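In what follows, a single structure is set out as structure tokens and then discussed.
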Amino acid sequence: MKRFVLAAIAAVALGGAAYADTIKVGVIGPFSGPFALQGKNFKAGIDAYMAVNGKKVGNDEVEVIYRDLPAADPAQSKSLAQELVVKEKVQYLAGFYFTPDAMAVTPILKQANVPMVIFNAATSAIVTKSPLVVRTSFTTWQTSTPIAKVAFDAGVKKVISVVSDYGPGVDAENAFKAGFEKQGGEVVQAIRMPLSTNDFSPIMQRIKDSGAQGVFAFLPSGPTTLGFVKAYNENGLKTAGIKLFAPGDLTQESDLPALGDAALGMQTTFHYAISHDSPENKAFVAAAGKAIGNPAELTFPAVGAFDGMHVIYKMIEATGGKQDAQKAVDAVKGLSWVSPRGPVTIDAESRHITQNIYLREVAKGDDGKYYNKEIQTFEKQGDPGLAAAK
Ligand code: PHB
């Protein structure tokens with residue numbers, strides 16, 4: 001008893017330090033396999049945030065626990081999340097590169113009393129599956145709507161769309177079609193291909209045969225986007241004058257050296273470019289470049305993770321480190337800050353991020369390096385897909 005009293009007095013004298021907790025954040029993402037670079041970027045964003053802001057929130061120490069999910073695998077995603085919650089006692093779940101992996105975990109959040117902060121998965125409907133989901137990435141509705149106007153304004157009136165046949169692909173197809181028809185354009189054919197497709201020559205033939213003046217495409221960033229853009233060039237579509245329009249997933253910076261001159265001039269719309277000119281982004285690229293080791297490997301999942309950690313730190317602050325998922329989520333509704341990508345807000349109603357979407361063009365710098373050059377800004381874009389998702 002006496003010892004306890006002394007310990008309590010010592011704790012008060014130390015400013016309550018004896019009551020400090022470790023707050024665990026479980027991060028699920030592809031850290032091995034073909035999409036490992038995307039997971040590596042999650043980690044770079046997290047490490048950069050913690051290097052700049054410290055590992056403590058108040059008296060509490062933040063610890064990140066990683067679980068590897070190499071490919072979209074909803075059953076495995078759910079079991080990893082359950083293990084993180086039950087065994088590791090994480091207070092937050094985060095990461096999620098692929099939509100099906102995020103979707104599979106939403107049903108366990110309420111009972112586990114754990115918020116989910118999505119660093120990437122981009123299907124609009126995910127946020128409607130649980131009130132405990134917050135997203136710091138983008139949706140394909142958000143990124144694919146502006147490119148429809150860009151295509152029409154470029155004089156292209158007939159487009160064929162080609163997307164991966166799953167959530168974000170179907171959303172991208174619908175977003176482009178809605179935007180393009182609103183302008184007066186026509187989508188002459190809509191191809192959905194299996195997520196596992198890696199031979200794109202037959203698709204390129206179908207594009208040629210369609211008579212379309214342009215192609216709109218979405219695939220999740222990784223080896224397949226690189227393969228798709230290469231196939232577009234190698235099958236002569238570019239030289240035939242069939243223009244390619246896409247969200248920025250197709251020209252992530254880490255793929256640009258492999259695409260080379262063939263990608264020069266390609267226009268995409270996206271929430272983030274490594275080249276974004278702002279002090280916040282310069283600081284981010286320096287910290288994330290250091291964290292990843294080779295700055296040429298930096299790409300957009302790093303900024304989703306960096307901003308996701310910002311949201312998690314604000315949640316920990318608001319709850320004083322206590323596990324209260326609803327209070328944590330409520331605390332970030334309407335939260336605004338200047339991200340490396342520009343000004344952002346967590347929309348209070350949808351819990352999805354409102355942000356600028358930029359039109360970019362693949363360019364070559366004076367240093368001979370390829371980059372996405374921002375040439376136009378669509379300001380403060382919410383998610384146009386939410387109405388469709390309800
Ligand atoms: C998704 O599965 O939601 C996803 C993955 C990669 C992307 C975009 C969306 O580049």
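Of note:
- Every condition in (1) within 30 Å of E88 (Cα to Cα); (2) within 11 Å of the ligand (Cβ to nearest atom) is met by P115 except one, and the failing one is (2).
- Note on segment 55-100: among residues that are within 30 Å of D249 (Cβ to Cβ), open to solvent by 30 Å² or more (accessible area, probe 1.4 Å) and in a loop (DSSP other than H, G, I, E, B), the one that is nearest to the ligand (Cβ to nearest atom) is A72.
- Among residues of segment 175-189, those that are in contact with a helix residue (DSSP H, G or I) (Cβ under 7 Å, 6 or more places away or on another chain), closer than 14 Å to V215 by Cα and either in a loop (DSSP other than H, G, I, E, B) or open to solvent by 60 Å² or more (accessible area, probe 1.4 Å) (or both), counted: 2
- For segment 104-112, the criterion of a residue being more than 15 Å from the ligand (Cβ to nearest atom) and in a loop (DSSP other than H, G, I, E, B) is satisfied by no position.
- Flag for I274 being buried (at least 16 other Cβ atoms within 10 Å of the Cβ), of a type in the set (A, V, I, L, M, F, W, C) and outside any helix (DSSP H, G or I): yes
- Filter result (under 14 Å from the mean Cα position of the chain (by Cα) and among the small types (G, A, S)) within segment 88-139: A94, G95, A102, A121, A122, S124, S137
- Of the listed requirements (1) among the aromatic types (F, W, Y); (2) within 16 Å of the ligand (Cβ to nearest atom); (3) modelled with pLDDT under 95, F4 misses just one: (2).
- One residue alone among A331, A296, A363 is among the small types (G, A, S) and part of a strand (DSSP E or B), and that residue is A363.
- Subset of segment 213-235 [open to solvent by 20 Å² or more (accessible area, probe 1.4 Å) and either under 21 Å from G368 (Cα atoms) or over 21 Å from the mean Cα position of the chain (by Cα) (or both)]: Q213, L226, K230, N233, E234, N235
- Hey, L219 farther than 27 Å from P343 by Cα, in contact with a strand residue (DSSP E or B) (Cβ under 8 Å, 6 or more places away or on another chain) and not aromatic (F, W, Y) or not: no
- Residue ID - nearest to Q183 (Cα to Cα), chosen from residues in segment 119-154 that are aromatic (F, W, Y) and away from the ligand (no atom under 11 Å from the Cβ): F152
- Residue match in segment 346-355 (condition: among the small types (G, A, S) and part of a strand (DSSP E or B)): no
- Looking only at segment 332-390, residues that are modelled with pLDDT under 95, touching a helix residue (DSSP H, G or I) at 6+ places or on another chain (Cβ under 7 Å) and among the hydrophobic types (A, V, I, L, M, F, W, C) come to 3 in all.
- The number of residues in segment 222-253 being away from the ligand (no atom under 12 Å from the Cβ), in contact (Cβ under 8 Å) with a residue 60 or more places away in the chain and either under 15 Å from Q267 (Cβ atoms) or in contact with a His (Cβ under 9 Å, 6 or more places away or on another chain) (or both) comes to 2.
- Selection count where residues are open to solvent by less than 70 Å² (accessible area, probe 1.4 Å), farther than 20 Å from T268 by Cβ and either part of a strand (DSSP E or B) or among the aliphatic types (A, V, I, L, M) (or both), scope segment 366-387: 1
- Evaluation of I160 against (1) touching a residue at least 60 places away in the same chain (Cβ under 8 Å); (2) more than 11 Å from the ligand (Cβ to nearest atom); (3) of a type in the set (A, V, I, L, M) (one fails), failing number: (1)
- Taken together, D209, D171 contain a single residue that is within 13 Å of I242 (Cβ to Cβ) and open to solvent by 10 Å² or more (accessible area, probe 1.4 Å), which is D209.
The values are calculated or read from the model by the stated rules, or taken from the named source; none is laboratory data. If you're wondering where the values come from, they're calculated on a predicted model, not measured in any experiment. Neighbour counts are summed over all protein chains in view; Cβ atoms, including those assigned to glycine, are modelled from backbone coordinates with ideal geometry. For accessibility, only protein heavy atoms count, side chains too; no ligands or nucleic acids. Shrake-Rupley method; radii C 1.70, N 1.55, O 1.52, S 1.80 Å.
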